[in-house]
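For reference, the structure is listed below as structure tokens.
The values are calculated or read from the model by the stated rules, or taken from the named source; none is laboratory data. The structure presented is a predicted model; accordingly, all values stated were derived computationally and were not measured. Counting neighbours? That spans all protein chains shown, and the Cβs are built from the backbone with ideal geometry, glycine included. Keep in mind that these areas ignore ligands, DNA and RNA; they rest on the heavy atoms of the full protein, side chains included. Shrake-Rupley method; radii C 1.70, N 1.55, O 1.52, S 1.80 Å.
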2 protein chains.
Amino acid sequence: MPISAVPYSEVDVLVIGAGPAGLMCANALANARVNVRVVDKRPAKVAAGQADGISPRTIEVFQSYGIGERLLRESVQVHQAAFYNPSSSGGIELTSRAPDVTAPSARYQFEVALHQGAIESIFLDSMSALGVEVERSTMPTSIDISKDENELTDPASHPVRVALQRLDVPEGQPQEEIVHAKYVVGADGAHSWVRKQFDITMDGEQSEFIWGVLDMVPDTDFPDVRNKSLVHSNHGSALLVPREQDRLRVYMQLEDKDIIDPETGRVDKERIGPEELLKVARRSLYPYKLNPTTGILWWTLYIIGQRVASRFSIENRVLIAGDACHTHSPKAGQGMNASMNDAHNLAWKIALVVRGWAEPSLLSTYESERRKYALDLIAFDKTFSTLFSGKPLTEENSDGVAPEHFMKTFQKFGGFTSGIGVHYDPSVAVLDRNQELASGLVVGERFPPYKFIRAADAWPFEIQDVLPSDFRFKLLVFTGDISDPLQQTRVKSMVANMQSFLNRYATPGESSENPRFDIITISKGRKEGFDFLQFPALLRSHWSKVFIDDADVTGSFGGKGYSYYGIGPEGAVVAVRPDGYVGVIASLDHVEELDAYFASFMKIPA
Amino acid sequence: MPISAVPYSEVDVLVIGAGPAGLMCANALANARVNVRVVDKRPAKVAAGQADGISPRTIEVFQSYGIGERLLRESVQVHQAAFYNPSSSGGIELTSRAPDVTAPSARYQFEVALHQGAIESIFLDSMSALGVEVERSTMPTSIDISKDENELTDPASHPVRVALQRLDVPEGQPQEEIVHAKYVVGADGAHSWVRKQFDITMDGEQSEFIWGVLDMVPDTDFPDVRNKSLVHSNHGSALLVPREQDRLRVYMQLEDKDIIDPETGRVDKERIGPEELLKVARRSLYPYKLNPTTGILWWTLYIIGQRVASRFSIENRVLIAGDACHTHSPKAGQGMNASMNDAHNLAWKIALVVRGWAEPSLLSTYESERRKYALDLIAFDKTFSTLFSGKPLTEENSDGVAPEHFMKTFQKFGGFTSGIGVHYDPSVAVLDRNQELASGLVVGERFPPYKFIRAADAWPFEIQDVLPSDFRFKLLVFTGDISDPLQQTRVKSMVANMQSFLNRYATPGESSENPRFDIITISKGRKEGFDFLQFPALLRSHWSKVFIDDADVTGSFGGKGYSYYGIGPEGAVVAVRPDGYVGVIASLDHVEELDAYFASFMKIPA
């Protein structure tokens, strides 16, 4: 067959893999109006089982894409954690209960659980409304990046060549397609084909611990079957997570005798099935009974190492995300969250580069930000796994894990496991020089939620809801109290300077509003007498853009936003990245300092 | 044509009219799994304009049918009211702003605005999912009720005969159908055909005031264009209501010279059109400018009397609802709310009678409850209209309406206009004898919202969300603190008595759970140590049925429900009607008193 007979096409971004990372990426790109295709070799999305836990930060991220409401509607909320430990009469007993989430600034003070198939459906429906569908039964068979330096540095080029094979077409029809892409995202799982093509190594160790998982609708007298239960027994550890439709997921630690072939000393998956796993679960939960009412709905074994890919990117043209970059234990429920947040971090950077608004070097921050996070995750996982898998403290085990110590560790890591405390170090995308102007808004961390009153109609708005994950930087102008003449003068001069800044990044001949930036004004003031029309037009491109830091009409919340964010009466300007992270802070008097940040990666239109 | 050639059918309930009242009724009946048809002579739903304001209580009602989330997503919220009065320099000026809603117990401390077509769509989609579609271009041509006493009293009979004519079928096809219905609901508007067939009179007066209405997207410097603005000027009164998609609705009082033909002294609608209305609006709003940016989107004139139908029912077989029962001015935004709440009050009563669970006499409470409300509405409307239409207090008008007096009156009526304060008098459906057991739960008023913690998983739940508008009575068992042995004994004996009560209303041979009742348990206790399995099975038919009066895991709300509801440590049982209103309260020691209530209308299964 001559080469010309193979269909050939171009695309801005090709996403390989339609699991949570790939779908988050494709949906985010579709949302940012980027030309994207997503392929997956599997003929259908997962139907049951797999990952299920969504952390508080990930719920915020879903909300920022307009899909949080549906996630909350379909999922179950986990508010409380219960800790069980050996009782004096044999078996286990409740030692304590504590909030499942310990991250005071989280918008959602709970985790949610929902099976992976339902989560994928949320993305699929969102993408579908934007005209993007997953191409299934489609696998890549080769991938190459051009070695031509000019091509690699030309933003308009398509230097990645991927051969795709369709697995479900009738014989005689073309099965192969050559796609030339500007960027390829490998989100193809722990055994990533993309990663292997570029010989990216996974650094770290194979796990010492082996875990089994069971899904069921239980008949049980265990009182915490609807809380997250962390069970330390003398017969192994177990983690119970409530699920939608009265289901329960049980993670349980397996002992060598359950799974190791004594003759070879190696793991033998044939030695254990759902019935054996159920026995292990019952042993851990004794004296409580555990009976699946409608059988075992799903089960699996985890024998995964704690490893991180040595690189996340090849030439900033092929980037890998999700399980392709990091594997670890399922215990803290981080897997799917880490994967989706990789994609969330990556998508806006690709979108800005593809639009020609940002230098390709911006993409380097993907690896620097997310690989560090992955290494932190592995370190956390090792600490937590060791505690979780350790024998409980008993008279016989005087060096075992004390219940109190375990619970405190669980809470101490709350900022990390919730995703709220994730911190990105300084880079071209994070400039931390004016941190003191807004001590509550940590540069490199996500913009924390607070409710402000919209000036025009006194409608209380969660400020995160005016920071959607799109392709725009949000410039939040905290004006202070402009009934103070000095502050009014300051704001006026700031507006003039900001206008010059915006003009520099404006495409000549385009409309006056700069599509790269969304300006939101947050003033001090009282809704009873405030007139939002007093602001210069730049600060109120629409009546909905002006907020005041005041209590709601019932006086039950709000009014302390400036102090919560650590912003003084002199105000500040805060640039929030499209992914919701604080990029830079400037004073009203030196708004040109925004330039120091944006000039490091943003292109000036020709 | 022989009579047998006309198609003939039977239906449990035929709803005539698919406006807000008819759709609320049909959707509620579909929700209660009642066999219902709904016809409307118009070929399509309204596309724009018409009613738009939804009161806090009506939002609660939408929520109870599972359609509140969509209403809140599509509508705009009105949190603040602004009061404008004549300024010393001519024209008007802002006098004060105040909360738009003054009903402290309201779950939603705001109104929402959305055009009637969008509201109808919410019902249509909900009904469609339940298999009910509106039959359009279909009008009734005759209606008769059987005069046979046996037929009228037989719950299985279909004593109402309605001839329907299809207006949109090709010539030669059958255009007529005879429907025999158990019940007919006439929700066919202010000029109700159903009402006229039974010569039901409308009592009251023709209005003295004539109002015009304009919808537009305004270009304006009026600072309160996104608040509800009540404008008293020396050139007439106006009411401004913000709407979705940046729209504004302006209601304005017309003066005789605008609309009365001086020769005949009668209203002449030809004298005024949108251009004249815009002039009137501008006159009221001077010195602020008002320019429609995309033309006048909709306009109308209101010349409606303040009148109430003398009867709401014929033989409890034909019932009228909505504008067919009451007409009044649009100023307090009550029209659509009153109409939908008529239907909400009626639907569950019809559902229970059709199911054979309730005596037909229950239906008499529809007229007694809703006609009294309509009379109160008219009385309120007269007071408010007079104030609203009155000349403002000025030097020349020393007996004019003082701004302060007007604002106070607006707030004083907050309980009424919000719908929260609606109170139904004692009847077979309202028994107020044990009010002192729960002083915060007023018998005959809607069950007020509060957040309780679900015992099994510490998930904070708005208690109204476990009181859906279906066909079941909710029995809320406030057990008190059952770690107190005395209280535990009391609860045990209550459970035995409640079981006998339930057995009496159980259909022999049916499953143990009585479909007429849903039992919800609300205990005192602390989530850290609570075991919901300690309750007798009757009080926890499912793990999700047990709540505790405790603060949430972050300690930011909850834990004061007993005191808010005025329930002492001895507890109480509260029966909530399917429409969310408190029907009766009993003590745990005399749960047989529930019988005194239910025996007055509920049938014992044969």
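Might you let me know whether the range A:459-476 holds any residue that is among the hydroxyl-bearing types (Ser, Thr, Tyr) and out of contact with any helix residue (DSSP H, G or I) (no Cβ under 7 Å at 6 or more places or on another chain)? Can you show your working first?
Pass one, the range A:459-476, residues among the hydroxyl-bearing types (Ser, Thr, Tyr): A:469.
Keeping just the survivors that are out of contact with any helix residue (DSSP H, G or I) (no Cβ under 7 Å at 6 or more places or on another chain) gives none.
There is no residue in the range A:459-476 that is among the hydroxyl-bearing types (Ser, Thr, Tyr) and out of contact with any helix residue (DSSP H, G or I) (no Cβ under 7 Å at 6 or more places or on another chain).
What residue, among those in the range B:74-89 that are of a type outside the set (S, T, N, Q) and at the interface with chain A (Cβ under 9 Å from one of its Cβ atoms), is farthest from B:Pro287 (Cα to Cα)? Applying the filter and picking the extreme gives B:Val76.
When the range A:95-130 is filtered for residues that are over 30 Å from A:Ala44 (Cα atoms) and in contact with a strand residue (DSSP E or B) (Cβ under 6 Å, 6 or more places away or on another chain), the ones remaining, listed by number, are A:Thr95, A:Ser96, A:Arg97, A:Ala98, A:Asp100, A:Phe110. Considering the range B:95-133, and only residues there that are away from every other protein chain (no Cβ under 14 Å) and of a type in the set (S, T, N, Q), the residue that is most open to solvent (accessible area, probe 1.4 Å) turns out to be B:Ser128. Applying a threshold of 8 Å to beta carbon distances and a minimum spacing of six or more residues, or different chains, the list of pairs starting in the range A:453-471 at a residue that is farther than 14 Å from A:Trp543 by Cα and assigned by TED's automatic domain parsing to the domain that holds A:Ser541 and ending at one that is part of a loop (DSSP other than H, G, I, E, B) and among the small types (Gly, Ala, Ser) reads A:Gln464/A:Gly580; A:Leu467/A:Gly580; A:Pro468/A:Gly66; A:Ser469/A:Gly580; A:Asp470/A:Ala32; A:Phe471/A:Ala32. The residue pairs whose first member lies in the range A:363-375 and is of a type in the set (Phe, Trp, Tyr), whose second member is outside any helix (DSSP H, G or I), and whose beta carbons are closer than 7 Å, counting only pairs six or more residues apart or on different chains, are A:Tyr366/A:Phe312; A:Tyr366/A:Ser313; A:Tyr366/A:Leu319; A:Tyr373/A:Val422.
Say whether the condition of being aliphatic (A, V, I, L, M) and surrounded by fewer than 23 Cβ atoms within 10 Å (Cβ to Cβ) is met by at least one residue in the range B:58-67. Outline the logic, then answer.
Narrowing the range B:58-67 to residues aliphatic (A, V, I, L, M): B:59, B:61, B:67.
With the extra rule that they be surrounded by fewer than 23 Cβ atoms within 10 Å (Cβ to Cβ), the set shrinks to B:67.
Yes; the residues of the range B:58-67 include at least one that is aliphatic (A, V, I, L, M) and surrounded by fewer than 23 Cβ atoms within 10 Å (Cβ to Cβ).
Scanning the range A:147-173 for residues that are among the hydroxyl-bearing types (Ser, Thr, Tyr) and part of a helix (DSSP H, G or I) yields one hit, A:Thr153.
Just so you know, in the range B:519-544 the residues that are over 22 Å from A:Gln245 (Cα atoms) and without any contact (Cβ under 8 Å) to a residue 24 or more places away in the chain include one that is nearest to the other protein chains (Cβ to nearest Cβ), and it is B:Glu528. When we screen A:Ile54, A:Ile92, A:Ile67 for residues that are within 14 Å of chain B (Cβ to nearest Cβ) and among the β-branched types (Val, Ile, Thr), the only hit is A:Ile67. Every listed requirement among (1) part of a helix (DSSP H, G or I); (2) open to solvent by 50 Å² or more (accessible area, probe 1.4 Å); (3) over 26 Å from B:Tyr581 (Cβ atoms) is met by B:Gln499 save one, (3). Within the range A:358-372, the only residue that satisfies the criterion of being open to solvent by 50 Å² or more (accessible area, probe 1.4 Å) and outside any helix (DSSP H, G or I) is A:Glu359.
When the strands (runs of 3 or more DSSP E) confined to the range A:545-603 are screened for residues that are among the polar types (S, T, N, Q), within 14 Å of another protein chain (Cβ to nearest Cβ) and touching a Gly at 6+ places or on another chain (Cβ under 8 Å), none reaches at least 1 such residues. Can you pull out the residues in the range A:216-272 that are small (Gly, Ala, Ser) and either under 28 Å from the mean Cα position of the chain (by Cα) or surrounded by 15 or more Cβ atoms within 10 Å (Cβ to Cβ) (or both)? If the condition is that a residue be small (Gly, Ala, Ser) and either under 28 Å from the mean Cα position of the chain (by Cα) or surrounded by 15 or more Cβ atoms within 10 Å (Cβ to Cβ) (or both), then A:Ser229, A:Ser233, A:Gly236, A:Ser237, A:Ala238 are the ones that fit.
Let me confirm something: among B:Asp399, B:Asp381, which residue is on the phi < 0 side of the Ramachandran plot, at pLDDT below 90 and not in a loop (DSSP other than H, G, I, E, B)? Spell out the reasoning first.
Numbers: B:Asp399 fails: not in a loop (DSSP other than H, G, I, E, B).
Just a single option satisfies the conditions, and that option is B:Asp381.
Checked across the range A:428-445, the condition of being open to solvent by less than 20 Å² (accessible area, probe 1.4 Å) and either within 14 Å of chain B (Cβ to nearest Cβ) or among the charged types (D, E, K, R) (or both) holds for no residue. Filtering B:Ala506, B:Ala456, B:Ala438, B:Ala496 for residues that are closer than 27 Å to B:Gly558 by Cα and more than 27 Å from the chain's Cα centre (by Cα) leaves a single hit, B:Ala456.
The rows are residues; the columns are (1) within 14 Å of chain B (Cβ to nearest Cβ); (2) closer than 26 Å to A:Asp381 by Cα; (3) surrounded by fewer than 19 Cβ atoms within 10 Å (Cβ to Cβ).
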{"residue": "A:Ile420", "(1), (2), (3)": "yes, yes, no"}
{"residue": "A:His423", "(1), (2), (3)": "no, yes, yes"}
{"residue": "A:Leu467", "(1), (2), (3)": "no, no, no"}
{"residue": "A:Ile482", "(1), (2), (3)": "no, no, no"}
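Residues that are more than 21 Å from A:Pro403 (Cα to Cα) and either among the hydrophobic types (A, V, I, L, M, F, W, C) or outside the structural domain of A:Asn397 (by TED's automatic domain parsing) (or both) within the range A:220-258 comprise just one, A:Leu248.
Checking the condition assigned by TED's automatic domain parsing to the domain that holds A:Asp342, in contact with a strand residue (DSSP E or B) (Cβ under 8 Å, 6 or more places away or on another chain) and at pLDDT below 95, which residue from A:Asp52, A:Asp12 passes?
Working: A:Asp12 fails: at pLDDT below 95.
So the residue among A:Asp52, A:Asp12 that is assigned by TED's automatic domain parsing to the domain that holds A:Asp342, in contact with a strand residue (DSSP E or B) (Cβ under 8 Å, 6 or more places away or on another chain) and at pLDDT below 95 is A:Asp52.
Scanning the range A:370-390 for residues that are of a type in the set (D, E, K, R) and touching a strand residue (DSSP E or B) at 6+ places or on another chain (Cβ under 7 Å), we see that the one that is farthest from A:Lys603 (Cα to Cα) is A:Lys382.
A single entry from A:Gly555, A:Gly571, A:Gly566 fulfils the requirement of being open to solvent by 50 Å² or more (accessible area, probe 1.4 Å) and on the phi > 0 side of the Ramachandran plot: A:Gly555.
Of the residues making up the range A:484-496, those that are buried (at least 19 other Cβ atoms within 10 Å of the Cβ) and more than 22 Å from A:Ala596 (Cα to Cα) number 1.
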